[in-house]
Amino acid sequence: MNAKKEKGNLRWLWLSIIVLIIDLYSKHYFYTHLVFGESVVILPVFNLTLMFNKGAAFSFLNTASGWQLWFFNAIAIIVCLFIFVWLSQIKRNRNFIALGLALVLGGALGNLFDRLWHGYVVDFIDLHIGSWHWPVFNIADSAIVIGVVILIVDAIINERHKPKIGV
């Protein structure tokens, strides 16, 4: 098999597209069906609460003067391009890392779309224990977190299986 056919996992872009579609649909649905800031109780630990985040994860820089929108858009574009190139270069048998990258890419694109379209990210998943609430998040955020966990696990597994030289 030649080297060209051994590289490239762009076939995983279908997963990024599915994440993007589910994320955008869910954000649109809850944007049009929930009232901002009001919670709809689903389970004792789970509410649907419409929130708008102009910042990053955990509302980091949410109250900044507006420069953060351009900053996070630039970072998202760079990360998406980096992941696309990475996917195109990794070996085809590295499906676990490709899965993680595809999830991160789909989530990053979903939140980038929101920032470009609305000027903020639409969040609606509200997990809590009693009166303590985790910061409200969305499907894109979930895909990014799961993807990053997969990438970390892949890095740990590959480090453990690396041959030891000079030992």
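The values are calculated or read from the model by the stated rules, or taken from the named source; none is laboratory data. Treat the numbers as computed from the prediction; the structure is a model and nothing was measured. Note that we place each Cβ from the backbone using ideal geometry, even for glycine, and neighbour counts take in every protein chain shown.
Details
- With respect to the conditions (1) under 22 Å from residue 80 (Cβ atoms); (2) in contact with a strand residue (DSSP E or B) (Cβ under 9 Å, 6 or more places away or on another chain); (3) at pLDDT below 95, residue 140 lacks only one, and its number is (3).
- Residue-level check: of (1) at pLDDT 95 or above; (2) charged (D, E, K, R); (3) in contact with a strand residue (DSSP E or B) (Cβ under 9 Å, 6 or more places away or on another chain), residue 23 misses just (3).
- In the range 33-71, the residues that are surrounded by 12 or more Cβ atoms within 10 Å (Cβ to Cβ), among the polar types (S, T, N, Q) and at pLDDT below 85: 59, 62, 68
- Residue match in the range 119-130 (condition: hydrophobic (A, V, I, L, M, F, W, C), modelled with pLDDT of 90 or more, in a helix (DSSP H, G or I) and in contact with a helix residue (DSSP H, G or I) (Cβ under 9 Å, 6 or more places away or on another chain)): no
- The residue list 74, 155, 108 contains one member that is surrounded by 18 or more Cβ atoms within 10 Å (Cβ to Cβ) and modelled with pLDDT of 90 or more, which is 108.
- Output for the range 105-148, where each listed residue is of a type in the set (Phe, Trp, Tyr) and closer than 16 Å to residue 75 by Cβ: 113, 120
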